[in-house]
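Input: a single structure, listed below in structure tokens.
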Amino acid sequence: MVAAFRSPRSYTGDDMVEISCHGGHVAAGAILRLLTAAGCRPARPGEFTRRAVLSGKLSLTQAEALLDLIHAPGWSAFASALDRYRGRTTRALRGLAARLRNLETELEHSLGFEDTPAPRQLRPRLRVLVQDLDRLLDRAEDDRLLNRGAVVAIIGRPNVGKSSLFNRLLGEERALVTPFSGTTRDRIESRLLLNNIPLTLTDTCGLGPGKQDRFSRLGAAQTRRAVADADLLLAVFDGSRPATAADRQLVEKTINRPTIMVINKSDKPRRFHLPVVNGTSVAVSCRNGYGIELLRRRLAARARPGPAADTAELSLLRECHEALLRALEAPDIERCQLELRAALAVLDGIENPGTDPELLDRIFSRFCVGK
């Protein structure tokens, strides 16, 4: 069956044809070979949606929302992405841009006249614009969290209960647990949806002194990579034993990283004592489940994706925010106007990205071929 979609009412804005055929690889493969022989080529990743953006059928924020719809890990993420696809963010950005443009036009007309306003006279209006942009940024951060989630690495000395904690948080026996030290020799990853937040949980091999054979060194390298990739660390300690030099070194390594200190084996008398540094401390028992629900809540509250997970929309909103803050602190009206123009240029780039091929490549390289 062949369905024709005429410009400009098609998805891309171009004339389009959609071919439906019997399932399986044989029929579809035969049709693809015929189309290729007739001069067609395979679409590039995201090419259809890219064309829709360039023809004005979709805004950049709607295109990213479509990608989030496809990969939504849960209902909250799906509902948020659908709301953005329907134009929630686009309408807000256009309203903000219109207000910025009006203010910039007023300044343009007033320059050179005696009634040119002083920068301090504009600050109340600029503060309102900054506050509105703050709300858009907060919403974009929430959207990013729901869709991108965070990477959490479980680290600690051998035999402190890292794999047991990994299994407890997942609610299944995913990692092998034995009473022997050094059971985990590789990083193990699994996905966890916690309060609608998708987390990638990583179990790692033990840190600290021990066997230095080839497999141990490879495992230690994997752990270092897991720590470098993580947005949040769960540093696990054996609460039934006094703190060791290796424990202190681990605490020092987490000083500048978002970290939750997990004091395991709390079903036994507490003998572990170290100050909590740059994070939160939660006492748990992986044996009987004590403290696990509290740890889950702390995880949901602390998990935030790192800069690598930024959407193009979020990055550009931050640029606009910085330009507005510079306008707010501008020493003269000319500098204020320049910063307003810079903020407007960023907003125009979000809604009309056709002149920035690098931005388009960054977004649509994450799409699959069929979109």
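The values are calculated or read from the model by the stated rules, or taken from the named source; none is laboratory data. Please read all numbers here as calculations on a predicted model, not as lab measurements. Cβ placement follows ideal geometry from the backbone for every residue including glycine, while neighbour counts extend to all protein chains displayed.
The figures follow:
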item	result
Residue match in the range 124-139 (condition: of a type in the set (K, R), crowded, with 17+ Cβ neighbours inside 10 Å and in contact with a Leu (Cβ under 9 Å, 6 or more places away or on another chain))	no
The lone exception for G306 - which of (1) at pLDDT 85 or above; (2) on the phi < 0 side of the Ramachandran plot it fails	(1)
Residue list for the range 149-166, filter: out of contact with any Leu (no Cβ under 9 Å at 6 or more places or on another chain) and in a loop (DSSP other than H, G, I, E, B)	N159, V160, G161
Residue that is surrounded by the most Cβ atoms within 10 Å (Cβ to Cβ) [pool: residues in the range 1-59 that are farther than 21 Å from R84 by Cβ and among the hydroxyl-bearing types (S, T, Y)]	S10
Residue match in the range 76-90 (condition: buried (at least 18 other Cβ atoms within 10 Å of the Cβ) and either under 20 Å from S7 (Cβ atoms) or acidic (D, E) (or both))	no
Selection status of T105, at pLDDT 80 or above, surrounded by fewer than 21 Cβ atoms within 10 Å (Cβ to Cβ) and hydroxyl-bearing (S, T, Y)	yes
Subset of the range 315-344 (residues that are crowded, with 18+ Cβ neighbours inside 10 Å, touching a residue at least 60 places away in the same chain (Cβ under 8 Å), out of contact with any Pro (no Cβ under 7 Å at 6 or more places or on another chain) and of a type in the set (A, V, I, L, M))	L317, L324, A327, L340, A343, L344
In the range 2-54, the residues that are in contact (Cβ under 8 Å) with a residue 60 or more places away in the chain and either closer than 26 Å to E313 by Cα or in a strand (DSSP E or B) (or both)	A43, R44, P45, G46, E47, F48, T49, R50, V53, L54
Qualifying residue in the range 52-67 (condition: out of contact with any strand residue (DSSP E or B) (no Cβ under 9 Å at 6 or more places or on another chain), closer than 15 Å to S365 by Cα and not hydrophobic (A, V, I, L, M, F, W, C))	yes
Residue count, the range 57-67 (criterion: touching a residue at least 60 places away in the same chain (Cβ under 8 Å) and not in a helix (DSSP H, G or I))	1
Residue check, A220 loosely packed, with under 14 Cβ neighbours inside 10 Å and either modelled with pLDDT of 85 or more or not assigned by TED's automatic domain parsing to the domain that holds L360 (or both)	no
In the range 266-307, the residues that are among the charged types (D, E, K, R), surrounded by 13 or more Cβ atoms within 10 Å (Cβ to Cβ) and outside any helix (DSSP H, G or I)	D267, K268, R287, R304
